[in-house]
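Worksheet for the structure shown next.
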Amino acid sequence: MRVKSVSLESFFGYSTEALFDPRCVYDSMEGRWIVAAEAFPDGYPAPATVQYQFIAISKTTNPTGDFYIY
């Protein structure tokens with residue numbers, strides 16, 4: 001059952017380039033959700049060796065709630 005649907009770009013607030021290689025895991029010791037994704041920098045041309053890493057950690061055990069986004 002789906003309770004929430006949002007694109008990675010919208011979730012991380014980065015809409016210039018597509019995000020890829022997403023991961024989502026639950027840390028049962030701390031009761032937090034961790035979401036990570038990669039993106040190339042905005043603008044062209046960008047060096048092929050440069051990538052951004054986006055990380056989000058839930059503020060509570062609720063995966064549809066608020067996240068700290070880095």
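Going by accessible surface with a 1.4 Å probe and the largest first, Asp66, Asp21 read Asp66, Asp21.
Phi-derived couplings, Karplus 6.51 cos²θ - 1.76 cosθ + 1.60 at θ = phi - 60°, listed residue by residue for the stretch 24-33: 9, 9, 10, 8, 5, 5, 9, x, 10, 9 Hz, with x used for Gly and Pro. Accessible surface of Tyr52, taken over heavy atoms with a 1.4 Å probe and every protein chain present, rounds to 90 Å². Val50 exposes around 50 Å² of accessible area when a 1.4 Å probe is run over every protein chain in place. Only DSSP H runs of four or more residues enter the estimate; each adds -39500 (n - 2.57), and after division by the residues of the chain the mean residue ellipticity at 222 nm equals -1500 deg cm²/dmol.
On a per residue basis, the chain carries 74 Å² of accessible surface, using protein heavy atoms and a 1.4 Å probe. Across Thr49, Thr60, the residue with the most accessible area heads the list, and the full order at a 1.4 Å probe is Thr49, Thr60. Accessible surface ranking for Ser28, Ser7, 1.4 angstrom probe, highest first: Ser28, Ser7. Which label belongs to the value computed from this structure, given these candidates for Cα Rg over 2.2 N^0.38 Å: (1) 1.22; (2) 1.07; (3) 1.12? Among (1) 1.22; (2) 1.07; (3) 1.12, the one derived from this structure is (1). Other residues whose C-beta falls under 12 angstrom from the C-beta of Ala37 contribute a net charge of -3, scoring Lys and Arg +1 and Asp and Glu -1.
The values are calculated or read from the model by the stated rules, or taken from the named source; none is laboratory data. A quick note: this is a predicted structure, and the numbers were derived from the prediction, not measured. Note that we place each Cβ from the backbone using ideal geometry, even for glycine, and neighbour counts take in every protein chain shown. In case anyone asks, the SASA skips ligands and DNA or RNA and just uses the protein heavy atoms, side chains included. Shrake-Rupley method; radii C 1.70, N 1.55, O 1.52, S 1.80 Å.
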